[in-house]
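In what follows, a single structure is set out as structure tokens and then discussed.
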Amino acid sequence: MRIGNRLAGVDLSQSLDKETYAQQLKRYQVAIQLLAYRAYETKRPAILVYEGWDAAGKGGNIKRVTEKLDPRGYTVHPIAAPRGEDAARHYLWRFWQRLPEAGHLAVFDRSWYGRVLVERVEGFCSEADWRRAYGEINDFERQLVDFGALVFKFWIHISSEEQLTRFRLREQDAFKRWKLTDEDWRNREKWDQYAEAVEDMLHLTDTDCAPWDVVPGNDKRFARILTLKILVRRLSAELDYDPFAELD
């Protein structure tokens, strides 16, 4: 099924020059630092979900969000295929185990949305399973928000052409070649199938309590700053605290 066309409306031409990027990065990282402390004081857990195309820049984006934070207050969870006990239980079980305590931050580099993305496209679960998952995920996130958690969900979007360019650059770079796998090339061959799954995901799990933000990612600098701005704006509103009042 394909019940949305949100990706087609994303302006991937947006970019940011190096000087502006450096200035805004410093400003918004300090703001995030102050907001993270505010969340700690008020005992509000925060959950950041990152999804996106292979080579979209999720790791670099996460690094810029977290690099000025107190390392005692956050955890980054890189999510791969479930193994061992995780594979033997309901797919949400391993994420319940990784939720942050009050006042802390958990960042998921890929997440429970694997059920309606890679597991759907690659046939790792039945159609009944992934169709049912939309409601399960919405219920899961509603429980988190009702508990007091702050939930942010980002889809980092790039074009197929940009992905190919980044794949080829990784092939040529001895320090980054390890990031490129045969699986990345196989997934690329199924771009249209993944695009359909992404559109369904965005349409069916974009809720009032846990909305999706689609971030244009062809320019990594632009994507990083936009993500920081979204986080600062929404955290400021949720925590009733303006970090710029202290900075300006």
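Wrap a convex hull around the Cα atoms of region 134-248, take a quarter of its surface area, and give that in square nanometres.
Average of the hull's projected areas for region 134-248 equals 9.9 nm².
For the pairs 68/153; 18/229; 58/153; 176/220; 26/63, note any where the Cα-Cα span goes beyond 19 Å.
68/153
Go ahead and run the numbers for FRET between residue 127 and residue 182, Cβ-Cβ distance against an R0 of 35 Å, rounding to 0.05.
Once rounded, the FRET efficiency stands at 0.85.
Relative contact order for region 13-242: what is it in percent, counting Cα pairs under 8 Å that are at least 6 residues apart?
Relative contact order of region 13-242: 34 percent.
Determine the shape class of region 85-165: with a ≥ b ≥ c the square roots of the Cα gyration tensor eigenvalues, call it rounded for a/c under 1.5, and otherwise prolate if a/b is greater than b/c, oblate otherwise.
oblate
Quick one: grab Rg to one decimal and Dmax as a whole number for region 42-139, Cα atoms only, in Å.
14.5, 43
Take the chain, connect every pair of alpha-carbon atoms lying under 10 Å apart with a spring to form a Gaussian network, then pick out the residue of 160, 126, 111 with the largest mean-square fluctuation.
126
Please report 188, 98, 120 as a ranked list, fewest other C-beta atoms within 10 angstrom at the top and most at the bottom.
The order, fewest Cβ neighbours first, is 98, 188, 120.
Provide, in order from the shortest bin, the percent of all Cα-Cα pairs of region 13-242 in each 10 Å bin, continuing until the bin that contains the maximum pair distance.
7, 31, 37, 21, 3
Could you tell me what fraction of 2.2 N^0.38 Å the Cα radius of gyration of region 161-212 comes to, as a two-decimal ratio?
Taking the Cα Rg and dividing by 2.2 N^0.38 Å, one obtains 1.52.
So how do 96, 130 line up by other beta-carbon neighbours within 10 Å, fewest first?
On the way: 96 13, 130 21.
Sorted ascending by nearby Cβ count, the order is 96, 130.
Could you tell me the calculated FRET efficiency between residue 245 and residue 101, based on Cβ-Cβ distance and R0 = 30 angstrom, to the nearest 0.05?
0.60
In nanometres, what is the gap between the two model label sites at residue 230 and residue 189, each 7 Å from Cα along Cα-to-Cβ?
According to this spin-label approximation, the distance is 3.2 nm.
What are the ³J(HN,Hα) values, in whole Hz, obtained from phi via the Karplus relation 6.51 cos²θ - 1.76 cosθ + 1.60 with θ = phi - 60°, for each residue of region 168-184 in sequence order, with x given for Gly and Pro?
Along region 168-184, the couplings run 5, 5, 5, 4, 8, 9, 4, 7, 10, 4, 5, 6, 9, 10, 4, 4, 4 Hz.
Can you give me the Rg/Rh ratio for region 181-248, using Cα atoms for both radii and the Kirkwood formula for Rh?
Reported Rg/Rh, Kirkwood definition of Rh: 1.13.
Taking 25 Å as R0, compute the FRET efficiency from the Cβ-Cβ separation of residue 138 and residue 167 and round it to 0.05. It would help to have the intermediate numbers written out before the result.
Values: r = 34 Å, r/R0 = 1.34.
Calculated value: 0.15.
If you average the sequence gap of Cα pairs under 8 Å that are 6 or more apart and divide by the length of region 1-128, what percent do you get for the contact order? Walk me through the intermediate numbers first.
Values: 112 pairs, mean separation 40.3, N = 128.
For region 1-128, the relative contact order is 32 percent.
Running a GNM on the chain with Cα contacts under 10 Å, which residue among 68, 179, 153 ends up with the highest mean-square fluctuation?
The residue with the greatest mean-square fluctuation here is 179.
From zero outward in steps of 10 Å, how is the percent of C-alpha pairs of region 19-72 spread across the bins?
Binned Cα distances yield the sequence 20, 47, 29, 4.
Neighbouring Cβ atoms within 10 Å as the yardstick, rank 85, 238 fewest first. Could you put the intermediate results ahead of the total?
Values: 85 10, 238 16.
The most exposed by this proxy come first: 85, 238.
Values in this text are rule-based calculations from the coordinates and carry no lab data. Values in this document were obtained by computation on a predicted structure and should not be read as measured data. Don't worry about glycine lacking a Cβ; one is built from the backbone with ideal geometry, like all the others, and counts go over all protein chains shown.
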